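I have placed the structure first, in the form of structure tokens, so that the comments after it can refer back to it.
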Amino acid sequence: MIEINYYLIVSAILFCTGVIGVLVRRNAIVIFMCIELMLNAINLTFVAFSSFMGNVNGQIFVFIVMTVAAAEAAVGLAIVIALFRNKESVNIDEINILKW
Amino acid sequence: MIQIKDLLEVLPLLIIAFSAIFILLLEVSIKKSETVIFGFSLIAILAAIATSFNYFNKEMIIFNQFLRISNASLTFSVIILISMLITVIASKSYIEKENVNFGEYYSMLLFALMGMMLMIFANDILIIFIGLELMSVCFYVLAGFLRLRQKSNESALKYFLLGAFMTGFILYGIALIYGITGTTNLTLIFSDAKVLTNYVFIIGTALLIIGFMFKIGVFPFHMWIPDVYDGAPTVVSGMLSTAGKIAAVGTILPIILAVNILNFKIIFSVAAVATMLYGNVIALAQTNIKRLLAYSSIASAGYIFVGVASMNEFALRGIAYYLIAYTFMQLGAFIIVAMLEKKDDGSRDYKNVDLDFYKGLGKRNPVIATFMTFFLFSLAGIPPFAGFWGKYYLFFAAIKSNQIWLAVVAILLSLIGVYYYLKIIVYMWFSESLEPVSEEKFSFSDTGFAATVLAVIGTILFGVDPNLFFSLFKFVTP
């Protein structure tokens, strides 16, 4: 039996990896993948808590999170495509007409 | 168990949900369906407002404790419905002008509306999350609705990336709360006083509150607001700054009040002061009216947080009053900007949104200039407009909670705001037009005009007679 701490630590590390990825990467698609990584780290946390407490709420929550992540992915990629058509770049350093 | 009876208790929510789906069906089944859809969504929102008033003074928890109907949540949802009503009316002429007259637009608005109402009625973090995401995803689409325009694309991408990033934090907070309490039900979570002092629980709640502070646009999570509001279609910016904010405030307020014992007061006070300072000071330097209104909406988030920081029985009343005043005046100002905006000519920028364009507007178009003056006076907090009473009740709440310094600072900072609002008014009435401006002709049958008139009526009505609000929304103490 693996203790819950290990799951929580792994998911915290995954979450931080995602956060760091969002902050340092410059490609919109990669940033989006890092956000997905954060969401999956959270799913791991939910499942760990859920099985630790013998309570099914957390697993239900994971399904909802996956659904929402899919909806977000659809919209997000559509936005990236719309931008790429106009700008021919997905580098967020070049997306800078809105400032100050 | 869920019963059929429960469905009748959430009639406004059901009406909005069904009409949002029905609009998608209308769109594919009828040719030239835009006008039909416009009328249909108007009727749906009006019906939802009318049915909402049946539920006042009936505190109840329904749907397996998933939803909770209370006076406060009903008030917020009615304010959101009003804001959406004005937005839908104003949208018709705007999306025709921008050549994006599609039925999906109204469907997106109604889905967002449903998400916001779900969020406000939620009694379970799961429902809050679903509502929040339903709202946010629709907002990302709406912000990028002018898909041929680079500014709109950019605003949608920024909003999407930052919003999804914040969703991650909100979810992590929810996961920690769930891990400590073993439940996602808000009543159960806050019923155990021992849990409220657990530090993991505090971190979780803080992450949740931070996520919502991002949605409201409170310092230091405000950076997306000017960019998104500047780039989004102007009517949508107005909607984001009113309905979106109201939904986030209405959702997080009960949670903040429930964890009151942690004494977060000072943190919220500091956040409020920083937000007001930032919004008002940066707005002084703006030359683009959409950005100026965006900064003014940051400042308004600061005023709302003065109410949040006071955390007493007067806070809710002040916040609700300010929000309804804010809905009319901010949305009205954005709609006027949208009406004066130049027709889409394939360029990547919005035309006629510079402050210079407003010079001499009083001579060119006295009616619109008068309305704009009303909204700006109201935003500046000058009686007899609704904004004055909104600020009055908010600062009153702060004084009643023994935070006189906060009220004094808030009044001083809102005086800075008076400067840039009056600047526009002076431009409109006492300056000459710089050069012959190419102005878009619009007739008085323009639906934007009808929406503006509604907003003017609201601004004046709630300013002249504050008791109207209390009799309408059944708040006990005037």
Find the Rg to Rh ratio for chain B, where Rh is the Kirkwood radius over alpha-carbon pairs and Rg uses the same atoms.
0.95
Run the quick spin-label model on B:Glu59 and B:Leu11: label points 7 Å from Cα toward the beta carbon, then report their separation in nm to one decimal.
2.4 nm
Kirkwood Rh over alpha-carbon pairs of segment B:164-226 plugged into Stokes-Einstein at 25 °C, 0.890 mPa s gives a D in µm²/s of 201 µm²/s
Between B:Ile4 and A:Cys16, how many nm apart are label points set 7 Å from Cα along the C-beta direction?
5.6 nm
When the convex hull of the Cα atoms of segment B:81-152 is projected onto a plane and the area is averaged over all directions, what value comes out in nm²?
5.0 nm²
Net charge dipole size for segment B:261-478 [Lys, Arg +1 and Asp, Glu -1 on Cβ; Debye, nearest 20]:
440 debye
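Do the alpha carbons of any pairs in B:Lys400/B:Lys474; B:Lys31/B:Lys97; A:Lys87/B:Lys32 sit beyond 26 Å of each other, and which pairs?
A:Lys87/B:Lys32
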Please give the charge dipole size of segment B:351-411, origin at the Cα centre, charges +1 on K and R Cβ atoms and -1 on D and E Cβ atoms. Round to the nearest 20 debye.
120 debye
Sorted largest first, extent of segment B:261-478 alpha carbons per principal axis (Å):
59, 36, 32
Residues whose built amide H sits under 5 Å from the amide H of B:Lys342, excluding neighbours closer than 5 in sequence, are B:Lys351, B:Asn352
Per-residue ³J(HN,Hα) for segment B:92-98, Karplus 6.51 cos²θ - 1.76 cosθ + 1.60, θ = phi - 60°, Hz, x for Gly and Pro
3, 5, 5, 6, 5, 4, 8
May I ask you to work out the translational diffusion coefficient for the protein assembly as shown at 37 °C, viscosity 0.692 mPa s, via Stokes-Einstein with Rh from the Kirkwood sum over Cα pairs, reported in whole µm²/s?
137 µm²/s
In Hz, Karplus ³J(HN,Hα) per residue of segment B:3-10 (6.51, -1.76, 1.60; θ = phi - 60°; x = Gly, Pro):
10, 4, 4, 4, 4, 5, 6, 10
Explain nothing, just compute: Karplus ³J(HN,Hα) = 6.51 cos²θ - 1.76 cosθ + 1.60, θ = phi - 60°, for every residue of segment B:392-407 in order, whole Hz, x for Gly and Pro.
4, 5, 5, 5, 4, 4, 5, 5, 5, 9, 6, 10, 4, 4, 5, 5
Scattering profile of segment B:275-375 at q = 0.19, 0.21 Å⁻¹ [log10 I(q)/I(0), Debye over alpha-carbon scatterers]:
-0.99, -1.12
Could you tell me, in Å, what Rg and Dmax come out for the Cα atoms of chain A?
16.9, 55
Hydrodynamic radius by Kirkwood for segment B:205-252, inverse mean 1/r across distinct Cα pairs, in Å, is 11.0 Å
Along the charge dipole of the protein assembly as shown, Cβ charges K/R +1 and D/E -1, which of B:Tyr199, A:Ile31, B:Trp224 sits furthest on the positive end?
B:Trp224
Cα lying deepest toward the dipole's positive end in the protein assembly as shown, options A:Asn5, B:Ile37, B:Met339, charges on Cβ:
B:Met339
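The numbers here are math on the coordinates, done by the rules we state, and not lab data. Just so it is clear, the model here is predicted, and its values are computed rather than measured. Backbone-built Cβ (ideal geometry, glycine too); neighbour counts: all protein chains shown.
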